[in-house]
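Right, one structure below, let's go through it.
The values are calculated or read from the model by the stated rules, or taken from the named source; none is laboratory data. Remember, it's a predicted structure, so these values are computed and weren't measured experimentally. We place every Cβ from the backbone using ideal geometry, glycine too, and count neighbours over all the protein chains shown. Each accessible area value is taken on the protein alone, full model and side chains, heavy atoms only, with ligands, DNA and RNA left out. Shrake-Rupley method; radii C 1.70, N 1.55, O 1.52, S 1.80 Å.
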Protein chains: 2
Amino acid sequence: MTGYYGEHSKVWVSVDCIVFGFEENCLKVLIGRREMDPGRGEWSLYGGFVGSDESLHNAANRVLKNLTGLDNLYMKQVGAFGEIDRDPGERVISIAYCALINVKDYDDALRQKHHLEWVALENLPKLYSDHNKMVTDAITLLRRRLKTEPLSFNLLPELFTLTQLQHVYEAIINEEIDKRNFRKRIKQIEYIEKTEYIDKLTSKRGAALYRFNRKAYEEDPSFRL
Amino acid sequence: MTGYYGEHSKVWVSVDCIVFGFEENCLKVLIGRREMDPGRGEWSLYGGFVGSDESLHNAANRVLKNLTGLDNLYMKQVGAFGEIDRDPGERVISIAYCALINVKDYDDALRQKHHLEWVALENLPKLYSDHNKMVTDAITLLRRRLKTEPLSFNLLPELFTLTQLQHVYEAIINEEIDKRNFRKRIKQIEYIEKTEYIDKLTSKRGAALYRFNRKAYEEDPSFRL
């Protein structure tokens, strides 16, 4: 350690993950009750300390893998949270990440093992420390990015109906969308492909199932919904 | 210190500031040569360590005040940079902030004291550590936010011509804008006020000077350019 670094003090750094899922036509967040002090029993996001041998990105991936059993989730850094008194125990700076998962991909036994619940965004209780602010910033980020990135597919199964897709959009922006305009625009988007499959569960006539073609998107990501 | 925290290792956390200015119709970044090891003599952003008694936001404000003499600059957090080997000396996680200043407000003696230069974004040299990535992320953030926030006024003097305003927009988005459409839209924006003053320096006929009315904007921030 050189003198230049040694003059300054170190701090603990953690990552906290805001995991969004889509169920019953609404956006939900994965939260649990803290099992350690300080704040034991309070509702909280799921997080962990950043190790000396891992990048922030890898720390967030480790925490998410541990939490969901899933690798390479769609994940974005939300920001660094650094108020001095944000953690009631010690000075901890936390970097928040948000991830989008398809609830059905998530092993429910793992959710129960971690004592976590899917809670609708609009019913979120008071969370530990500044975690509510993290959630608010994460949803703001999603709303901004939704216009220029096809992120909603991460919340859906591989095959989905246009009604499901519309509901995901509506849940993120928290506004109703005109169905006709929405479908008209979807039809112009090359990377949203109609498949030969029909979903007979959601309507009597059956609804066509669609698929997000990532390869087509990567070749021409220019269209913005 | 409780056992729960003590099991984990601490790291140094710094802030790095990307200071943007607008001069000679182009967007510039304030950089200097490092005066300490590691990386002595390399081009670098201006930063500092986060103290144990200050929030991230306050640390960035302190660094910016020290650098520019200016308080309450327009400042946004760009993100946390946390690769293990990003700093060649020790493990340091850095939170990048970007600030927009009007070059003419900036005391040039202070710039010289810190041995800093305004370098055009397009001519930026290789910078220390991951600082080029910080600049790229900062400009991406500005481009996104420009559509929904009146941030360009921070780069201009209090009174400006519409040509100057157009040039700021063009510099940030790095594209030419159609002058007639631009002026048509500006006229619809209540918070961009025409003043009774005329600028005789930039054209023979003289150009009307405008002002950003922050109060009017705060009352009705709905318009997006």
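Taken over the stretch A:29-87, the criterion of being open to solvent by 30 Å² or more (accessible area, probe 1.4 Å), at the interface with chain B (Cβ under 9 Å from one of its Cβ atoms) and of a type in the set (S, T, N, Q) is satisfied by A:Ser52, A:Asn58, A:Gln77. From the list A:Glu193, A:Glu158, the one residue that fits, being part of a strand (DSSP E or B) and farther than 30 Å from B:Leu146 by Cβ, is A:Glu193.
Just one of (1) touching a Phe, Trp or Tyr at 6+ places or on another chain (Cβ under 9 Å); (2) within 23 Å of B:Val13 (Cβ to Cβ); (3) assigned by the TED database to the domain that holds A:Leu116 fails for A:Arg62. It is (1). All of A:Lys133, A:Lys126 fail the test of being in a loop (DSSP other than H, G, I, E, B), open to solvent by 50 Å² or more (accessible area, probe 1.4 Å) and assigned by the TED database to the domain that holds A:Ile18, apart from A:Lys126.
Mind checking whether some residue in the stretch B:14-26 is out of contact with any strand residue (DSSP E or B) (no Cβ under 7 Å at 6 or more places or on another chain) and either at the interface with chain A (Cβ under 9 Å from one of its Cβ atoms) or surrounded by fewer than 20 Cβ atoms within 10 Å (Cβ to Cβ) (or both)? For the stretch B:14-26, residues out of contact with any strand residue (DSSP E or B) (no Cβ under 7 Å at 6 or more places or on another chain) and either at the interface with chain A (Cβ under 9 Å from one of its Cβ atoms) or surrounded by fewer than 20 Cβ atoms within 10 Å (Cβ to Cβ) (or both): present. All of (1) within 28 Å of A:Ser52 (Cβ to Cβ); (2) surrounded by fewer than 18 Cβ atoms within 10 Å (Cβ to Cβ) hold for B:Ile93 with one exception: (2).
Checking each residue of the stretch B:161-174 against the condition of being open to solvent by 80 Å² or more (accessible area, probe 1.4 Å), out of contact with any Phe, Trp or Tyr (no Cβ under 7 Å at 6 or more places or on another chain) and more than 25 Å from B:Ala80 (Cα to Cα) gives at least one match.
Condition check for A:Leu121 on (1) within 16 Å of A:Lys28 (Cβ to Cβ); (2) modelled with pLDDT of 95 or more; (3) surrounded by fewer than 16 Cβ atoms within 10 Å (Cβ to Cβ): one failure, at (3).
Taken over the stretch B:25-53, the criterion of being in a loop (DSSP other than H, G, I, E, B) and touching a residue at least 24 places away in the same chain (Cβ under 8 Å) is satisfied by B:Asn25, B:Arg34, B:Glu35, B:Asp37, B:Pro38, B:Gly39, B:Glu42, B:Leu45, B:Val50. Look at A:Thr195 and say whether it is out of contact with any helix residue (DSSP H, G or I) (no Cβ under 6 Å at 6 or more places or on another chain), open to solvent by less than 60 Å² (accessible area, probe 1.4 Å) and closer than 29 Å to A:Leu30 by Cβ. No; evaluated as a whole, the condition is false for this residue. Exactly one residue out of A:Glu218, A:Glu175 is over 18 Å from A:Leu100 (Cβ atoms), under 21 Å from the mean Cα position of the chain (by Cα) and not β-branched (Val, Ile, Thr): that is A:Glu175. Note on the stretch B:1-18: residues that are of a type in the set (Asp, Glu) and either part of a strand (DSSP E or B) or modelled with pLDDT of 90 or more (or both) total 1.
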